[in-house]
Amino acid sequence: MSFKVCVCGGAGGIGQPLSMLMAMDPRVKELSVQDVQGAMVPAAGVAADLSHLNTPAKVVGYSIDPKLPPVDQLAECLTGCHLVLVPAGVPRKPGMTRDDLFSINAGIAAGIAKAVAKYCPNAVLALIVNPVNSVVPAVTELYKKWGLNPKKVVGVTTLDVVRANKFVSELAKVDVSKVDVPVIGGHAGVTIMPVLSQTTPPVKLPADVIEGLDKRIQDAGTEVVNAKNGKGSATLSMAFAGARLGKAVLTGLSGERAVECAYVESSVSELPFFASKVVFGKDGVEEVQGIPQLNEYEKKRLAEAMGQLKGEIDKGLEYARTQSKL
């Protein structure tokens, strides 16, 4: 099978490498690179650059006026899409509270979601818009309000898995391609919960090493920001992880079983949204797998994660309640 994919925010720091990685997938026959007018690099320029790759994808750039609703500008860009990846939104700036960030980025995500709902309602919508823990519940509830399938909305938490796998492989001195660490909970700070006791292959690490590793995985984004001296964030690794999730979605849409961790509407915990392993199929998320067996340390960590995650979910649900129908 071949697919049409759109990257919204495709001219940004995450969007450019993510667009390239998706254009390199031979199953992608058409790639829309979408961003706002005034982006540091025009979407048409990114598309022109990628159109020279000797891959099957036809790449087209689309720029929209951020002052106007996306739904009025994205008909050609989105029509026929099977997967829409959204690394759009603004980064948190000095002096900006998390509430400020959410109010801006939730509006951006909702605007794109409304356009997706109109032009490609059966597409899988994969959100990389921070704060993911709140934005995904907001957009999922909007999908319900608009009469669409909420199982099409996915929060991309793959970067937490990618980091956990890499860090464990380095500590345990095992082949990273063989390592699989389940990461559950959410996608920010203490809500990121690697289940290190269930690593494949089994890895024995001292308790103090595990606690330090847990903390490093939670704070890995800050590690990159500090290394870039405040001049950037985790763009390349996020693009790599987003493409990994995107490729799993395409595998599922092709009729093959694909499993990745993702943050979705879920009943595996007492919270309505939760990150765990999910099975992708022809309709998007076909199965949400449960919480792995936890040791005592992980049970305490899960309680901590759930306490933080609940408030962040509630913020997203409240936002959706204030929004009008499609």
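The values are calculated or read from the model by the stated rules, or taken from the named source; none is laboratory data. Keep in mind that this is a model prediction, so the values were computed, not measured. Here the Cβ positions follow ideal geometry from the backbone for every residue, glycine too, while neighbour counts run over all protein chains shown. SASA here: full protein model, heavy atoms, side chains in, ligands and nucleic acids out. Shrake-Rupley method; radii C 1.70, N 1.55, O 1.52, S 1.80 Å.
Quick one: which of E286, E270, E260, E265 is closer than 12 Å to V156 by Cα and in contact (Cβ under 8 Å) with a residue 24 or more places away in the chain? Among E286, E270, E260, E265, only E260 is closer than 12 Å to V156 by Cα and in contact (Cβ under 8 Å) with a residue 24 or more places away in the chain. Of the listed requirements (1) farther than 15 Å from I108 by Cα; (2) open to solvent by less than 70 Å² (accessible area, probe 1.4 Å), D49 misses just one: (2).
Anything in the range 269-289 that is in a strand (DSSP E or B) and not small (G, A, S)? List them, or say none.
Selection gives F273, F274, K277, V278, V279, F280, V285, E286, E287, V288.
Out of the range 118-157, which residues are modelled with pLDDT of 95 or more, polar (S, T, N, Q) and either under 18 Å from G10 (Cβ atoms) or open to solvent by 10 Å² or more (accessible area, probe 1.4 Å) (or both)? Once the filter is applied, which keeps residues that are modelled with pLDDT of 95 or more, polar (S, T, N, Q) and either under 18 Å from G10 (Cβ atoms) or open to solvent by 10 Å² or more (accessible area, probe 1.4 Å) (or both), the range 118-157 yields N122, N149. In the range 12-45, the residue that is farthest from K228 (Cα to Cα) out of those that are open to solvent by less than 10 Å² (accessible area, probe 1.4 Å) and hydrophobic (A, V, I, L, M, F, W, C) is V28. Is the range 66-76 home to any residue that is in a helix (DSSP H, G or I), over 26 Å from T157 (Cα atoms) and either hydrophobic (A, V, I, L, M, F, W, C) or touching a helix residue (DSSP H, G or I) at 6+ places or on another chain (Cβ under 7 Å) (or both)? Checked against the condition, which is being in a helix (DSSP H, G or I), over 26 Å from T157 (Cα atoms) and either hydrophobic (A, V, I, L, M, F, W, C) or touching a helix residue (DSSP H, G or I) at 6+ places or on another chain (Cβ under 7 Å) (or both), the range 66-76 yields at least one hit.
The set of residues from the range 301-326 being in contact (Cβ under 8 Å) with a residue 24 or more places away in the chain and not in a helix (DSSP H, G or I) comprises Q323, K325, L326. Do we find a residue being under 24 Å from I313 (Cβ atoms) and free of Cβ contacts under 8 Å to residues at least 40 places away in the same chain anywhere in the range 181-196? Yes, the conditions are met somewhere in the range 181-196.
Selection of the range 158-186 for residues being assigned to a loop (DSSP other than H, G, I, E, B), at negative phi and open to solvent by 30 Å² or more (accessible area, probe 1.4 Å) yields V174, D175.
Look at G232 and say whether it is under 29 Å from R92 (Cβ atoms) and outside any helix (DSSP H, G or I). The answer is yes for G232.
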